[in-house]
1. Let me check the size of region 104-195 from its C-alpha atoms; what are the radius of gyration and Dmax in Å?
2. Farthest toward the dipole's positive end in region 11-165, which of G138, F85, F70, given Cβ charges of +1 (Lys, Arg) and -1 (Asp, Glu) about the Cα centre?
3. Please calculate how many Å² of accessible area the chain carries per residue, with a 1.4 Å probe and no DNA, RNA or ligand atoms counted.
4. Want the number for A90 to H13: 0.36 nm per residue separation, take away the alpha-carbon distance, what's left?
5. Apply the a/c threshold of 1.5 to the C-alpha gyration tensor of region 146-192 and tell me whether it is rounded, prolate or oblate.
6. In square angstrom, rounded to the nearest 10, how much accessible surface does E176 have for a 1.4 Å probe?
7. According to a simple spin-label model (label point 7 Å from Cα along Cα-to-Cβ), what is the distance in nm between A275 and R298?
8. For region 248-298 and region 38-114, compute the distance between their C-alpha centroids and round to whole Å.
Amino acid sequence: MTPRADDDRWDIHTGVGYTALVVAAWRALHTAGPDPVAADDWARAFVEAAADPYLSGLLDAAPTADTAVFPTLYGVQTRFFDEFFTAASAAGIAQAVILGAGLDTRCYRLGWPDESVVFEVDQPAVLRFKTAVLAERGARPATRRVPIGADLRGPWAESLLAAGFEPGRPCAWSVEGVLPYLTGADQDALLTALTTLSAAGSRIAIGALGSHFDAEQFAAVTAEHPGLQIFRDVDFSALTHPPEQRADPADWLERHGWALTRVGTTLDLQADHGASPPAVMVAVDRVLRSQYVHATRR
């Protein structure tokens, strides 16, 4: 896997863009599995359109308890953000911004009030792929969708404002799976920009699964659980930046005018719904050190 660079770009087959495709495959597996906690009926279409041999084989392979770990982790993460946007809409927040939208389909899946607008920000090639695949499958957004092709390490806020975002109105922001790919400076810049654009009462949800990757612990976990062997040769750290370069997002928000309403891990999110995570999931979460945050702008 190609290491990150400060000026790298990607589409759905390369770099960070490929991780969006991998996560879509895991969402598809979770959706098709027993008792999914969240369902994304469009996820499989992305994998089929990309025609990636590894991911296509993953969808067709017989599932095991170990191979279900990552689909379950991302099923829980999907539900976390689904519930966040549903609650924000119910509270009367009509603007939503999905930063690093990837192959997320909430604009198509969720029940949005008529007056809602959803801005999706990501690399242009990723958004073009998503839009084309969904259009070919006859999918229609459930509310007004505004795709914005922009790099989150650059002046994305200017593009958001030019697209019609209204900073004087509360907004629901999601930052899902983005922070591990940013340096500390880029993370601070992103959070500062969205804070500046957030009227009082705005809400934010952050999901940072994989912010702290421990290669030594991961090797031990994959050795203990045969179903995870397929991940042993993947250098996840090549995609991310060292955690010591980044501030803890919950601490950052609290210091910059946000009131924390929830901080937890994927294990906590499962416990909320009465699930008892298996030992392999506890071990994987220990390696990846997930964090999920809700906060409201003061």
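The values are calculated or read from the model by the stated rules, or taken from the named source; none is laboratory data. All figures in this text were calculated on a predicted structure; none of them were measured in a lab. Glycine also receives a Cβ, built like all others from the backbone with ideal geometry; neighbour counts cover every protein chain displayed. Ligands, DNA and RNA are excluded from the accessible area calculation, which covers all protein heavy atoms including side chains. Shrake-Rupley method; radii C 1.70, N 1.55, O 1.52, S 1.80 Å.
1. Values for region 104-195 (Cα only, Rg and Dmax): 13.9, 40 Å.
2. G138
3. On the way: 12630 Å² over 298 residues.
About 42 Å² of surface per residue is accessible.
4. Full extension from A90 to H13 adds 24.1 nm.
5. prolate
6. Its heavy atoms expose roughly 40 Å² to the probe.
7. 3.4 nm
8. 18 Å
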